[in-house]
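> Here it is, the structure, as structure tokens.
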Amino acid sequence: MENLLIEAENFVVTLLNEKLDTSFIYHNVLHTQRVVAKTKELIKEAELTTELSNILLLTAWFQ
């Protein structure tokens, strides 16, 4: 699953950097990275299983 998370991150970052119209000033790569970072904080505080943590992180990348 770790490889899938890395692939998802690479895909989303590349997609947003290369294809996102510059008129999108809020929902951009920085916003997505902040969502993922906050998701990691919530996962840590909630002491979730690895499986559920990975599902949430994957979802955060595609939010």
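> Return one number: the angle in degrees, 0 to 90 and rounded to the nearest 10, between the long axis of the Cα atoms of helix 29-46 and the longest principal axis of the Cα atoms of the chain.
10
> For the range 1-62, place one equal point scatterer on every Cα, skip the solvent, and apply the Debye formula. What is log10 of I(q)/I(0) at q = 0.16, 0.21 Å⁻¹?
Values returned for q = 0.16, 0.21 Å⁻¹ are -0.53, -0.81.
> Calculate what fraction, in whole %, of the accessible area of the chain sits on carbon and sulfur atoms when a 1.4 Å probe is rolled over the protein chains. Walk me through the numbers before you get to the answer.
On the way: 2850 of 4900 Å².
About 58 percent, which is the carbon plus sulfur part of the accessible surface.
> Dipole of the range 10-63, Cα-centred, from +1 at each Lys and Arg C-beta and -1 at each Asp and Glu C-beta, to the nearest 20 debye?
Numbers: 5 positive and 6 negative charges, 22 e Å.
Using Cβ point charges on Lys, Arg, Asp and Glu, the range 10-63 gives about 100 debye.
> Counting heavy atoms of the protein chains only and a 1.4 Å probe, report the per residue accessible area for the range 3-63 as a whole number of Å².
Numbers: 4660 Å² over 61 residues.
Each residue of the range 3-63 exposes 76 Å² on average to a 1.4 Å probe.
> With everything on Cα atoms, drop me the angle between helix 50-61 and the longest principal axis of the chain, reported from 0 to 90° to the nearest 10.
With rounding to tens, the tilt is 10 degrees.
> What are the ³J(HN,Hα) values, in whole Hz, obtained from phi via the Karplus relation 6.51 cos²θ - 1.76 cosθ + 1.60 with θ = phi - 60°, for each residue of the range 3-13 in sequence order, with x given for Gly and Pro?
Rounded to whole hertz, the list is 4, 5, 5, 5, 5, 4, 4, 4, 4, 5, 4.
> Further question on the same structure: What net charge is computed for the residues neighbouring Leu15, neighbours being all others with C-beta under 14 Å from the C-beta of Leu15, Lys and Arg scored +1, Asp and Glu -1?
Numbers: positive: Lys19; negative: Glu7, Glu9, Glu18, Asp21.
Cβ neighbours under 14 Å give a net charge of -3.
> Taking the Cβ of Lys38 as the center, what net charge do the other residues with Cβ under 14 Å away carry, scoring Lys and Arg +1 and Asp and Glu -1? Please report the intermediate quantities before stating the final value.
Numbers: positive: Arg34, Lys40, Lys44; negative: Glu41, Glu45.
Overall, the nearby charge balance is +1.
The values are calculated or read from the model by the stated rules, or taken from the named source; none is laboratory data. Computed from a predicted structure; not experimentally measured. FYI the Cβ positions are ideal-geometry reconstructions off the backbone, even for glycines, and counts take in every protein chain you see. What goes into the accessible areas is simple: the full protein's heavy atoms, side chains included, and nothing from ligands, DNA or RNA. Shrake-Rupley method; radii C 1.70, N 1.55, O 1.52, S 1.80 Å.
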